[in-house]
Amino acid sequence: MADTRVIFMGTPQFAVPSLERIIAKGFSVPAVVTAPDKGAGRGRVLRESPVKKFAVEKGLYLMQPDNLKDPAFISKIKELEPDIIAVVAFRVLPGEVWSLPPLGTVNLHASLLPRYRGAAPINHAIINGEEVTGVTTFLIEKQIDHGQILMQREVPIGPSETAGELHDRLMLVGAGLLEETIERLREGSLTPVPQDEAGGDDLPLAPKISKSDCRIDWTMGRRSVFDFIRGLSPSPASWTILHGKGGEKTTVKIFFAEIPDRDVSLKPGEVLSDNCNYICVGCGDGPIEIKSLQLPGKKRLAVKEFLKGFDFDEDSFMDD
């Protein structure tokens, strides 16, 4: 394997097991490319990406270009003569880069393409109530997430699984799939297949999620609200406005909920709680029970802990 040179490009934790598997398999990794360090927190302290931390730990040659079109960066990639470039959760590459390696530039995507093209496939699959998703390796081409498919692997989604839990499973399944893809490209035993565009404009997409996209609409059916909450948990997290005593308004994040056995009649956004064990909120077709939530500046708490320091009254609701 050492005669196959693989340049790895990635940034978040999702990419780390893939890099780890490539190294463990014995492929030569002449460089790791990741995002520049970014300021975080109130002090804007520079934070290194998980991929950078791993690469430094392993003593790998590291590149952190600000501009992927920088001639110096492209020249260095050419100089390193990669057989393959492997990309996991990175930025959009210019053609001058992805067209360089003779065996192609391979991207790992956390969906069964062409479904859920975009930046947030895990979140959107759960929000949409999917029961099956998966991972795909494909050859990068000009159109984002449209390249020819190399390999795919299906993964079932648990009925109450959160985006965070599914992320961690797909991260490991994807790492194994990428390793196998590179090995088979090296052997010449893979035939790239164009993506099946059946469904056309009806194919579900996975665009980047903004804070405003995470606000809960309590007029939706409770199954849709349940999927929405778990599809955004733990990050970026769904939220709503809590109207409490005296009309005070507070933003509250909700991380998990359940569809309860109890049948109570609540209007959308209306809250029912015994201020001890449970919080129910009305949806468009019935109640949902909140299990985990967080007030601004506070820790995430299970409902019983939350209710030790917060009381609901008869006029409490979650709404505009």
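The values are calculated or read from the model by the stated rules, or taken from the named source; none is laboratory data. None of the values given here were measured: they were computed from a predicted structure. Here the Cβ is made from the backbone with ideal geometry for all residues, glycine too, and neighbour counts use every protein chain on show.
Output the residues belonging to the stretch 193-216 that are part of a loop (DSSP other than H, G, I, E, B) and surrounded by 15 or more Cβ atoms within 10 Å (Cβ to Cβ).
Hits for the stretch 193-216 are Gln195, Leu203, Pro204, Ala206, Ile209, Ile216.
If you check Arg223, Arg186, which single one turns out to be modelled with pLDDT of 95 or more, farther than 30 Å from Ser28 by Cα, out of contact with any Pro (no Cβ under 9 Å at 6 or more places or on another chain) and not aromatic (Phe, Trp, Tyr)?
Arg223
Collect the residues in the stretch 287-299 that are of a type outside the set (S, T, N, Q) and within 17 Å of Glu258 (Cα to Cα), keeping them in residue-number order.
Pro287, Ile288, Glu289, Ile290, Lys291, Leu293
Check whether at least one residue in the stretch 206-219 is modelled with pLDDT of 95 or more, touching a Ser or Thr at 6+ places or on another chain (Cβ under 6 Å) and not basic (Lys, Arg), and report yes or no.
Looking for residues that are modelled with pLDDT of 95 or more, touching a Ser or Thr at 6+ places or on another chain (Cβ under 6 Å) and not basic (Lys, Arg), one finds at least one in the stretch 206-219, hence yes.
Matching residues to (1) surrounded by fewer than 17 Cβ atoms within 10 Å (Cβ to Cβ); (2) under 17 Å from Phe228 (Cβ atoms); (3) assigned by TED's automatic domain parsing to the domain that holds Thr240:
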site: Cys283; (1), (2), (3): no, yes, yes
site: Gln294; (1), (2), (3): no, yes, yes
site: Lys298; (1), (2), (3): yes, no, yes
site: Leu301; (1), (2), (3): no, no, yes
site: Phe306; (1), (2), (3): no, no, yes
site: Gly309; (1), (2), (3): yes, no, yes
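Does Thr105 satisfy the criteria of being in contact with a helix residue (DSSP H, G or I) (Cβ under 6 Å, 6 or more places away or on another chain) and in the same structural domain as Ala86 (by TED's automatic domain parsing)?
yes
Which residue is nearest to Glu183 (Cα to Cα), if the candidates are limited to the stretch 128-169 and must be hydrophobic (A, V, I, L, M, F, W, C) and assigned to a loop (DSSP other than H, G, I, E, B)?
Looking at the filtered set, the residue picked out is Ile140.
Quick check, is Val29 assigned by TED's automatic domain parsing to the domain that holds Glu179 and under 25 Å from the mean Cα position of the chain (by Cα)?
Here the answer is no, as Val29 does not meet what is asked.
Among the residues of the stretch 224-259, what is the count of those that are among the basic types (Lys, Arg), in contact with a helix residue (DSSP H, G or I) (Cβ under 8 Å, 6 or more places away or on another chain) and within 18 Å of Gly309 (Cα to Cα)?
0
Looking at the stretch 90-104, can you tell me whether even one residue there is surrounded by fewer than 24 Cβ atoms within 10 Å (Cβ to Cβ), outside any loop (DSSP other than H, G, I, E, B) and charged (D, E, K, R)?
Yes, the conditions are met somewhere in the stretch 90-104.
Would you check if Thr240 is within 26 Å of the chain's Cα centre (by Cα), loosely packed, with under 14 Cβ neighbours inside 10 Å, of a type outside the set (A, V, I, L, M, F, W, C) and at negative phi?
So Thr240 fails the test.
Among (1) without any contact (Cβ under 8 Å) to a residue 12 or more places away in the chain; (2) not assigned by TED's automatic domain parsing to the domain that holds Thr136, which single condition is Ala198 missing?
(2)
Please work out if Glu179 is out of contact with any Cys (no Cβ under 9 Å at 6 or more places or on another chain), surrounded by 15 or more Cβ atoms within 10 Å (Cβ to Cβ) and in the same structural domain as Pro114 (by TED's automatic domain parsing).
Taking the combined requirement at face value, the residue satisfies it.
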